[in-house]
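To keep things clear, I will list the structure first and then write my remarks on it.
The values are calculated or read from the model by the stated rules, or taken from the named source; none is laboratory data. Because the structure is predicted, anything quoted here is derived from the model rather than measured. Neighbour counts run over all protein chains shown; Cβ positions are idealised from the backbone, glycine included.
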Amino acid sequence: MVTPTALGARVNPGFAPLLAAIRRNCDIADARHAQDMTLCNYLLAMREYFRWETGLAPDAVPDRPAVGAWIATREARWEELADAPFGTLPLDGCRCDPFDEAAVNAVLGPAGWIYGAARGSQGRCHFFVGRRVARSEREGIAVVEVGEEIARDIHAAPAAYRDGTITLRHDAFERWLWASAEGWDRARDDGPMRAALSAYGFREDPRGAISRMASAQRETLLLHEVGEHRAGLTLGPAWEAWFDAIDDSRDERLARAVRDLLADCLVTLPALAERRDEASLHFWFATFGGLRRALFPGLAEGYRHRGTRDGWPALAETARRAAGHWAAAARELADGRCFDSAEAAVEGLRFG
């Protein structure tokens, strides 16, 4: 593996100040939010971040003292930047807003690179620069695929839909799969993740299995992001404006979970059921947890019965009926429906 710094050296030298400013903004984003995770998740995320920054393979076992020293250095850097605002970016002799993706990509794009900047959940901001490896279209939506990355923050989302474009980050996704496989291997959980990994021969050939899984499951990521697009069309711009204005983390998590369920019931689950794609269904259910699972407990029954004669059609029908429920639930939230507690919210919106 090649370190991001070494990769960055291959970029036009004139981009060096721009890359330095983007990397500083990545550090500021991490200074604000990297330690919001539980301690266990934080240490796992930092271990993966260390692998990425030092150019180690996703399955490499890093030296523990080296990781510890790196974390201490990184946390000291974050301490320095804790109150710093995001910096503008030097671009063609001017200063550019760090969220102006179009302006930055007008410069980086012709050289084969792509810049991403977004405001995510709970006020977190994300930045990255990676090599563009493919560009296509799905249902009129631009799809950009990103390979090796030379700048990123700790929270590297494998896929995202924003402003009419879906971004798929290959390296981020493969690293996420490795981290998930490591977690399963420690827990020995006999569930969907084990079934998904087994479908690609993980026990016999871990590296090949993760590579094959990443290649195949990018389609599942893409289906979800297409579902996000359709959910936006279903709910309309007023709903999206309401969602963007939410300032309570509990309300945001609930609204995000409802919208995610709507997206998957509109697109992902019907597509997997139509294709009878068992490996992808294992993968999808391996990621189906937390608030989404609490809101939609009956869906697990469809997963258990997928192999029966009527299992796949029943799963598609469940998704179809649930899509109407989640659209109505999303509108009720936007109209001001309130709950006294998180438990009451789950109870009031639950389906199945």
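Here are the numbers for the structure shown:
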{"read-out": "Search result, residues across the stretch 42-99 that are closer than 30 Å to G208 by Cβ, in contact with a Pro (Cβ under 8 Å, 6 or more places away or on another chain) and not β-branched (V, I, T)", "value": "R47, E48, F50, R51, W52, E53, G55, L56, D59"}
{"read-out": "The stretch 191-207 - residue that is of a type in the set (D, E, K, R) and either part of a loop (DSSP other than H, G, I, E, B) or on the phi > 0 side of the Ramachandran plot (or both) and, of those, modelled with the lowest pLDDT", "value": "R203"}
{"read-out": "Condition met for P65 (at pLDDT 95 or above, exposed (fewer than 14 other Cβ atoms within 10 Å of the Cβ) and more than 24 Å from T3 (Cα to Cα))", "value": "no"}
{"read-out": "Wholly enclosed helices (runs of 4 or more DSSP H) of the stretch 6-114 bearing at least 3 residues more than 19 Å from the chain's Cα centre (by Cα) and more than 26 Å from H170 (Cα to Cα)", "value": "64-81"}
{"read-out": "The stretch 165-176, subset in contact with a Phe, Trp or Tyr (Cβ under 9 Å, 6 or more places away or on another chain) and part of a helix (DSSP H, G or I), residue nearest to A57 (Cα to Cα)", "value": "R175"}
{"read-out": "Any pair with Cβ under 8 angstrom, 6 or more apart, that starts in the stretch 325-348 at a residue that is at negative phi and ends at one that is of a type in the set (S, T, Y) and assigned to a helix (DSSP H, G or I)", "value": "A327/T234"}
{"read-out": "Residue that is closer than 21 Å to W284 by Cα, in a helix (DSSP H, G or I) and either charged (D, E, K, R) or assigned by TED's automatic domain parsing to the domain that holds R276 (or both), where the choices are A328, A316", "value": "A316"}
{"read-out": "Matching residues in the stretch 307-323 - criterion: being free of Cβ contacts under 8 Å to residues at least 60 places away in the same chain and either buried (at least 18 other Cβ atoms within 10 Å of the Cβ) or under 25 Å from the mean Cα position of the chain (by Cα) (or both)", "value": "W312, L315, A316, T318, A319, R320"}
{"read-out": "Qualifying residue in the stretch 43-54 (condition: surrounded by 13 or more Cβ atoms within 10 Å (Cβ to Cβ), touching a residue at least 40 places away in the same chain (Cβ under 8 Å), under 26 Å from A111 (Cβ atoms) and touching a Cys at 6+ places or on another chain (Cβ under 7 Å))", "value": "no"}
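Residues are listed down the side, and each one gets a yes or a no for (1) surrounded by fewer than 21 Cβ atoms within 10 Å (Cβ to Cβ); (2) acidic (D, E); (3) out of contact with any Lys or Arg (no Cβ under 7 Å at 6 or more places or on another chain); (4) modelled with pLDDT of 95 or more:
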{"position": "I141", "(1), (2), (3), (4)": "yes, no, yes, yes"}
{"position": "V144", "(1), (2), (3), (4)": "yes, no, no, yes"}
{"position": "G164", "(1), (2), (3), (4)": "yes, no, yes, no"}
{"position": "H170", "(1), (2), (3), (4)": "yes, no, yes, yes"}
{"position": "A179", "(1), (2), (3), (4)": "yes, no, yes, no"}
